[in-house]
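Report on one structure; see the data block that follows.
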Amino acid sequence: MEFPVVEFPWLGSGTVIALIAVLHVVINHAFAIGGSVLMVGLEHKGWKENNPGLEQTARKMSKWILIITTTVGAMTGVGIWFATTVIQPYAIGSLLRVFFWAWFVEWIVFVTEVVLLLVYFYTWDRWTGAKKKWHIRTGVALSIASWLTMTIITAVLAAMLTPGQWVETRSFWDAVANPTWLPSLMFRTFVALALAVALFTPIMKMIVKDDGLQAKILKYFGKWMLVSIYFMIAFGAWYVFSVPDKAYSMIVWASGLQGKEQWFRMINLGALAIMLVMALWLLNRPRKVPIVVSALVAFVSIGLIGEFEMVREAIRKPYVVYDYMYVNGVRVDQVEQFKQEGFLTNSKWLGVSNVTEQNRLEAGHALYVAQCSSCHTIDGWRSKRAFANRIQGWDATQLSNYVNSLHNARYFMPPFAGTDQERQALAEYLVQAVKETSTAQQTAAKER
Amino acid sequence: MLTAASSIQLPNDLALSIPGDIGFFKILLVISFILHIIFVNLTVAGSLLAVYNEWRGMRTGNPKYDHLAEELAVQTSIHKSIAVVLGVAPLLIISVIYTRFFYVSTLLIGKPWLMLLVIIIAAFLMLYVYKFTWNHWRNRKGLHLTFGIGGTVLLLYVPLVFLTNVSAMLQPELWVQGQSIFTAFFHYPTVWQRYLHFLFATLAIMGIYLIILGNKRRKNGQQEDGQLFTEFGKNVAFLFTTLQLIAGPVLFFSLKGQVQQLFLGGSLLATALISVAVLLAVGLIVSLYQFKKTEARPWLRNVVVLFALVVSVMGWLRHEVRDSYLAPYQAESGQQTIQGQQSAAAESMQK
């Protein structure tokens with residue numbers, strides 16, 4: 001392999017990306033995409049019905065949308081890119097090449113989006129009266145631009161799970177028009193709207209003091225939410241049925257509820273049901289929706305989108321780009337070569353180029369860092385991925401044999417890409433590292 | 001774990017080819033980087049000068065400084081949003097055409113690189129507080145200024161990490177694994193010189209921006225504001241453009257000997273570029289001086305035109321420096337996709 005490896009020993013590399021990405025998705029979907037639609041919708045409604053209260057609310061929303069999207073929103077977006085460069089350089093490097101022109105267009109759309117947002121925010125006082133329609137049009141254009149940014153990036157994200165024809169043709173358009181792009185884009189569109197209503201409802205309940213105005217706003221939100229939930233379910237179903245069979249079969253496992261399918265169903269259907277209940281409630285008795293319920297729905301929706309992103313990432317295993325590259329950056333077509341020639345001889349930056357009697361543990365560590373640490377830790381907060389937990393009590397021979405057939409025993413694991421000798425060194429290192437960790441833990445426990 | 005720099009571990013390129021003409025990509029890189037860096041300059045200098053003027057207003061009791069500071073804070077909050085999104089294209093292109101260099105230099109400072117996200121978010125949020133509480137905290141100036149200073153200090157840190165990355169990507173012979181970011185600041189020989197050049201440029205560009213803004217305000221009938229901006233802008237622009245006569249050579253003579261040679265007659269293109277850049281810069285300084293004295297419109301026009309030219313030529317020059325550094329590595333074996341597609345510019349540099 002070609003690049004230095006950056007390790008996150010306790011947190012785990014995946015968690016670093018996930019934290020940034022989920023935060024970004026929540027902000028982008030709820031504030032930039034869904035939020036813009038609600039904001040401009042309220043402004044338009046206020047203008048049509050000559051209701052300055054609605055316009056004032058839209059204006060307040062625009063301030064918070066501006067502040068949040070141009071700070072945490074924008075920087076976590078760049079952040080996914082930064083984090084994947086540090087953690088998955090082979091994957092992001094390859095995707096940048098496949099999707100270069102899409103990304104370039106994305107740049108233009110980003111700039112357009114930000115300029116429109118700035119124009120929209122700074123022209124509230126100037127574009128009134130006869131010019132009001134220009135303000136509203138700017139808002140509509142902003143909503144479209146925000147949605148377009150998602151349209152492009154969703155193509156990349158979908159292609160990682162379902163690259164489709166691209167794997168053979170290497171054609172840009174095959175990568176873009178991949179099998180899950182459209183369903184996932186449509187699904188996300190309505191997720192964004194539902195999420196925006198879910199997050200803005202408690203805020204409205206807090207900041208809009210006038211009861212009549214609040215009712216009007218919430219009722220309007222209720223309409224959006226009801227429509228969004230229906231479409232979200234429909235497109236969600238289309239999406240789920242378009243993912244590869246093996247990925248589909250891993251959904252429950254990926255949610256962490258393996259063997260508890262009942263729970264999985266209950267939790268997710270329950271979450272949808274409570275959203276639906278609130279939508280109907282908003283529509284019919286907007287003022288009666290308790291703030292606790294709206295806060296709960298906000299919380300549940302963030303949970304759902306977080307779960308969705310985590311599941312989507314997990315069911316792609318063992319790949320980072322399906323059928324092309326494994327999650328540790330090893331390409332499918334490299335595995336045989338590494339098995340024959342050795343992984344370490346073909347790697348830079350690891351400080352070890354082959355296994356000798358003297359460097360077995362060091363070589364094993366290098367192999368662990370390069371091939372395992374993108375998902376696993378020795379010790380860490382995700383106990384299922386921490387070796388200290390997973391392989392405690394194993395001996396090196398057992399482990400080495402297991403690693404040899406790992407990808408058969410567990411479909412979501414990539415094959416070990418190295419010689420038998422390297423595999424043995426890796427096993428020895430892991431056993432040793434786990435031993436050291438548990439000794440350290442015992443000592444710490446005694447001292448306590 | 002420190003790995004010796006003696007054996008250069010230059011990666012092979014990725015297996016997928018670069019989707020287009022590299023020469024064209026380089027043109028896009030130069031243009032998009034210039035756009036990005038101008039807004040970065042306006043952001044950093046805007047917050048720095050806002051804080052400076054608010055402090056000056058507090059010290060002298062003259063409300064005009066406070067007013068100028070507030071205007072600068074508003075401008076900064078706009079510029080920073082544009083600066084971020086404009087950065088997408090240059091980051092994209094540099095990642096794609098210099099993968100072997102840029103990915104290693106990034107990964108060598110992986111965690112500090114990621115920390116930039118937290119630092120920039122904190123800086124931006126602090127600067128929003130700074131901007132939106134200007135009237136609210138009229139009687140709590142100390143607290144208010146603290147937010148401005150906090151945001152500015154964080155912003156001033158960010159370029160150091162970026163400059164370390166772009167300096168490191170040019171010198172694979174110096175790559176070291178396991179270094180702290182603070183060691184890295186001093187490990188690569190051009191970081192601080194670049195930083196100084198950047199800081200002066202930042203302030204000079206803000207000065208010129210204020211001159212233009214002041215002129216616009218005057219046209220709109222806001223005489224007082226216009227006068228205030230122009231007055232401050234022209235002094236800042238003149239001072240820091242002139243100081244580049246020091247910072248420029250300091251940076252130039254910190255470059256690697258072979259690269260310096262190219263710009264001192266070794267390569268026609270490089271030598272011509274740097275000569276033109278220096279001439280344009282001197283022209284800009286003279287124009288700024290004349291404008292400072294007379295505030296005459298023709299000089300303002302000269303300032304604007306020469307400024308645009310200086311920035312363009314400097315942006316190009318910077319790219320030629322990069323390709324001069326990388327040329328020996330680009331020619332090395334192990335290069336799979338870039339080889340043979342070298343841009344005409346880079347090749348002509350070596351002739």
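The values are calculated or read from the model by the stated rules, or taken from the named source; none is laboratory data. Quick caveat, the model's predicted, so the values are computed rather than measured. Here Cβ is always computed from backbone atoms with ideal geometry, including for glycine, and neighbour counts include all displayed protein chains.
Values computed for the structure shown
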{"item": "Residue list for the range A:151-163, restricted to those being polar (S, T, N, Q) and part of a helix (DSSP H, G or I)", "result": "A:T151, A:T154"}
{"item": "Single residue of the range B:126-161 satisfying the filter (in a helix (DSSP H, G or I) and free of Cβ contacts under 8 Å to residues at least 12 places away in the same chain) that is nearest to the chain's Cα centre (by Cα)", "result": "B:V153"}
{"item": "Odd one out for A:A155, checked against (1) of a type outside the set (D, E); (2) farther than 15 Å from A:E43 by Cα; (3) within 14 Å of chain B (Cβ to nearest Cβ)", "result": "(3)"}
{"item": "Top-ranked residue in the range A:369-384 [being outside any loop (DSSP other than H, G, I, E, B) and away from every other protein chain (no Cβ under 14 Å); ranked as nearest to A:V403 (Cα to Cα)]", "result": "A:Q371"}
{"item": "Residue within the range B:198-206 that is outside any helix (DSSP H, G or I), in the same structural domain as B:A237 (by TED's automatic domain parsing), over 25 Å from B:Q258 (Cβ atoms) and of a type outside the set (K, R) present", "result": "no"}
{"item": "Cross-chain or 6+ apart pairs with Cβ under 7 Å, the range A:237-256 first and in the same structural domain as A:E309 (by TED's automatic domain parsing), then in a helix (DSSP H, G or I) and of a type in the set (S, T, N, Q)", "result": "A:Y239/A:S184"}
{"item": "A:Q392 being within 21 Å of A:P9 (Cβ to Cβ), in contact with a helix residue (DSSP H, G or I) (Cβ under 8 Å, 6 or more places away or on another chain) and polar (S, T, N, Q)", "result": "yes"}
{"item": "Some residue of the range A:138-150 being facing chain B (nearest Cβ under 7 Å), in contact (Cβ under 8 Å) with a residue 12 or more places away in the chain, part of a helix (DSSP H, G or I) and not aromatic (F, W, Y)", "result": "no"}
{"item": "Among (1) small (G, A, S); (2) surrounded by 13 or more Cβ atoms within 10 Å (Cβ to Cβ); (3) outside any helix (DSSP H, G or I), the one test that A:A279 misses", "result": "(3)"}
{"item": "Some residue of the range B:97-119 being more than 10 Å from chain A (Cβ to nearest Cβ) and either outside any helix (DSSP H, G or I) or touching a strand residue (DSSP E or B) at 6+ places or on another chain (Cβ under 6 Å) (or both)", "result": "yes"}
{"item": "Matching residues in the range B:85-96 - criterion: being part of a helix (DSSP H, G or I) and free of Cβ contacts under 8 Å to residues at least 60 places away in the same chain", "result": "B:V85, B:L86, B:V88, B:L91, B:L92, B:S95"}
{"item": "Helices (runs of 4 or more DSSP H) contained entirely in the range A:176-267, each with at least 2 residues that are surrounded by 21 or more Cβ atoms within 10 Å (Cβ to Cβ) and not basic (K, R)", "result": "A:181-207, A:211-242"}
{"item": "Residue that is free of Cβ contacts under 8 Å to residues at least 24 places away in the same chain and aliphatic (A, V, I, L, M), where the choices are A:A366, A:A425", "result": "A:A366"}
{"item": "Residue list for the range A:163-178, restricted to those being free of Cβ contacts under 8 Å to residues at least 24 places away in the same chain and of a type in the set (G, A, S)", "result": "A:G164, A:S171, A:A177"}
{"item": "Test: residue in the range A:83-94 that is among the polar types (S, T, N, Q), crowded, with 23+ Cβ neighbours inside 10 Å, in the same structural domain as A:G35 (by TED's automatic domain parsing) and in contact (Cβ under 8 Å) with a residue 24 or more places away in the chain", "result": "no"}
{"item": "Lone unmet requirement of (1) assigned to a helix (DSSP H, G or I); (2) more than 33 Å from the chain's Cα centre (by Cα); (3) surrounded by fewer than 20 Cβ atoms within 10 Å (Cβ to Cβ) for A:W394", "result": "(1)"}
{"item": "Which numbered condition A:E422 fails, given (1) more than 25 Å from A:E341 (Cα to Cα); (2) among the acidic types (D, E); (3) assigned to a helix (DSSP H, G or I)", "result": "(1)"}
{"item": "For A:E49: the one exception among (1) more than 30 Å from A:I229 (Cβ to Cβ); (2) without any contact (Cβ under 8 Å) to a residue 60 or more places away in the chain; (3) among the acidic types (D, E)", "result": "(1)"}
{"item": "Any hit, the range A:326-336, residues being closer than 26 Å to A:K435 by Cα, within 14 Å of chain B (Cβ to nearest Cβ), of a type outside the set (K, R) and out of contact with any Leu (no Cβ under 6 Å at 6 or more places or on another chain)", "result": "no"}
{"item": "Among (1) under 18 Å from the mean Cα position of the chain (by Cα); (2) more than 9 Å from chain A (Cβ to nearest Cβ), the one test that B:A69 misses", "result": "(1)"}
{"item": "Single match in A:T138, A:T162 (criterion: within 19 Å of the chain's Cα centre (by Cα), surrounded by fewer than 23 Cβ atoms within 10 Å (Cβ to Cβ) and modelled with pLDDT of 95 or more)", "result": "A:T162"}
{"item": "Any hit, the range B:29-44, residues being more than 12 Å from every other protein chain (Cβ to nearest Cβ), out of contact with any strand residue (DSSP E or B) (no Cβ under 8 Å at 6 or more places or on another chain) and among the small types (G, A, S)", "result": "no"}
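Conditions (1) in a helix (DSSP H, G or I); (2) within 25 Å of A:V243 (Cα to Cα); (3) touching a Ser or Thr at 6+ places or on another chain (Cβ under 6 Å), marked per residue:
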residue: A:R316; (1), (2), (3): no, yes, no
residue: A:N328; (1), (2), (3): no, yes, yes
residue: A:E336; (1), (2), (3): yes, no, no
residue: A:W349; (1), (2), (3): no, no, no
